[in-house]
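Here's the structure we're looking at; comments come further down.
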Amino acid sequence: MMKKQNRRETAKVKTPFQRMIWEFAHVLVGSAVVAVTFNLFLLPNQIASGGVAGISTLFVALFGFEPAYTQWAFNIPLFAAGVILLGGSLTGSLLYGTKTLVGTLFLPYIVYLTRDMEAATFDPLLASIMGGLGVGIGLGIVFRSNSSTGGTDLAAQIINKYSGLSLGGCVFIIDGLVVSSSAFVFGFEYALYALIALFVTGKTIDIVQIGFGYSKMVMIISEYEEEVKQGLLTQVDRGVTKLAGYGGYTNHSRPVLLCIVGRNEITKLKQLVKAIDPEAFVIVSNTSEVLGEGFKRR
C-alpha cells in the first residue's frame, strides 16, 4: 500500500498551462509529420488518399496549383463555415477551436516549406504504405491532443449536422469522392493505391491512439469466488473487482470477479482458476486500452 502511495506521489502531474503547451506541441509535430509525408510519398506518386491533401494532389495534376495554396483555400473557408454552422460543437471549447485553427494553418505551411524535398520513393505501392503510415502517425498525434487539422473533418461534421448521416458515413463519402476522382485523373490503379494508403492511415491512427498493448479483460463466475479472488491478488498480482450478479434461471446471487491482465498473464490466470474450480465460468475478451495502477499512465 505504501509503495502505491509513493508512486502516486512521485508521478508527475501537469498543470493546466503545461498540458495546454503539450497539446499545442502535439498539434505542431503531428501536422509537420503529415505535411512531410505528403511531400515525400503521396504527392510525387499521385496518391490522392482522401481529405484536402488528396484534393490538392488532384489540383496539381489538373491545374498545376501549388498544393499548400489549395489546402489553405479549402481549409480556411471550411474552418469559418464550421465556426458559423457548427457553433458550440466547434467553438464550445476555445482551446479546441484554437488548436484546430493552428492545425488548419500550420499543416499547409509545412507542406509549402518542404515542397522541394526529393521523393523518398517512386514505387507507388511502397509510397502508399509508407504514406499511409506517416499520415496516420501524424494525425494520431494530433488527435491525441484532442484536436484536428480541420479540412474535410469539418466538412463531414457540417454534413452530419444537417443531413442526419452518421459522422463516419460522411467521412467515407468525402474520402470516397476524392479517391474515385483520382481514378479518372490518374487511372484506376492509382485509385487502388489511394485506398491502400487510406486503410493504412486508419489502422495507424488507431495504433497511435490506443497503442499495441492489448490487454485481456476476464470475468469469472465461481462457487469458490473467495479462493479465486485471493489467488488473483497474490499469485497473478492483479487487482480484482467483485460485481453483483444474479443467475438468470435461479435468480440467486452469483458474484462476478472482474480482472484485467496482460496478454502474457492470461495463461497463468486460467491455470489458477482451473486448479481452484474446474467448473468455473470464465469469459476472456480483448480490451484496447487500460489506464490506471499497473497499466498505462493517463
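Numbers at a glance
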{"quantity": "Lys/Arg +1, Asp/Glu -1 at C-beta; region 157-298 dipole; positive extreme among Ile158, Met217, Val273", "calculated": "Ile158"}
{"quantity": "Probe 1.4 Å - accessible area at Glu227, Å² to nearest ten", "calculated": "100 Å²"}
{"quantity": "C-alpha center-to-center spacing [region 99-116, region 146-192] in angstrom", "calculated": "20 Å"}
{"quantity": "Among Ala244, Ala81, Gly97 - extreme Cα towards positive end, dipole of the chain, charges at beta-carbon", "calculated": "Ala244"}
{"quantity": "Dipole in debye (nearest 20) - region 159-298, about Cα centre, beta carbon charges: Lys, Arg +1; Asp, Glu -1", "calculated": "240 debye"}
{"quantity": "Along principal axes, Cα extents of the chain, largest first, whole Å", "calculated": "73, 45, 40"}
{"quantity": "Nitroxide proxy distance, nm - points 7 Å out along Cα→Cβ at Ala119 and Asn251", "calculated": "7.2 nm"}
{"quantity": "Heavy-atom surface of region 15-168, accessible at 1.4 Å and reported per residue (Å²)", "calculated": "46 Å²"}
{"quantity": "Rounded percent of accessible protein surface that carbon and sulfur make up, the chain, 1.4 Å probe", "calculated": "63 percent"}
{"quantity": "Area accessible to solvent at Lys229, 1.4 Å probe radius, in Å²", "calculated": "40 Å²"}
{"quantity": "Check: the chain dipole with +1 on Lys, Arg Cβ and -1 on Asp, Glu Cβ, in debye", "calculated": "1080 debye"}
{"quantity": "Electrostatic dipole magnitude of region 108-237 [Cβ: Lys, Arg +1; Asp, Glu -1; Cα centre; debye, to 20]", "calculated": "480 debye"}
{"quantity": "Ellipsoid equivalent to region 159-298 - semi-axes via the Cα gyration tensor, in Å", "calculated": "46, 19, 14"}
{"quantity": "Aspartates and glutamates whose Cα lies under 18 Å from that of Lys99, excluding same-chain neighbours fewer than 8 positions away", "calculated": "Glu23, Asp153"}
{"quantity": "More than 16 Å apart - percent of Cα-Cα pairs taken over region 22-112", "calculated": "55 percent"}
{"quantity": "Gain in span if fully extended, Glu66 to Lys274, counting 0.36 nm per residue against the direct Cα distance", "calculated": "68.3 nm"}
{"quantity": "Solvent-accessible heavy-atom area per residue, rounded to whole Å², over region 176-269 at 1.4 Å", "calculated": "59 Å²"}
{"quantity": "The chain: calculated mean residue ellipticity at 222 nm from DSSP helix runs of at least 4, using -39500 (n - 2.57)", "calculated": "-20000 deg cm²/dmol"}
{"quantity": "Cβ-based charge dipole, region 81-206, positive-most Cα from Met130, Thr204, Ser181", "calculated": "Thr204"}
{"quantity": "DSSP-defined antiparallel bridges as percent of all bridges, the chain, nearest 5", "calculated": "95 percent"}
{"quantity": "Degrees, to the nearest 10: 266-276 long Cα axis against longest axis of the chain", "calculated": "20 degrees"}
{"quantity": "Ranking by accessible area, most exposed first, for Glu118, Glu23 with a 1.4 Å probe", "calculated": "Glu118, Glu23"}
{"quantity": "Global geometry of region 28-182, whether rounded, prolate or oblate, following the gyration tensor of its Cα atoms and the 1.5 cut on a/c", "calculated": "prolate"}
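The values are calculated or read from the model by the stated rules, or taken from the named source; none is laboratory data. Predicted model, so just to flag it, every value in this text is computed and none were measured. Neighbour counts run over all protein chains shown; Cβ positions are idealised from the backbone, glycine included. For the accessible areas, the whole protein counts, side chains as well, though only heavy atoms, and no ligand, DNA or RNA atoms are used. Shrake-Rupley method; radii C 1.70, N 1.55, O 1.52, S 1.80 Å.
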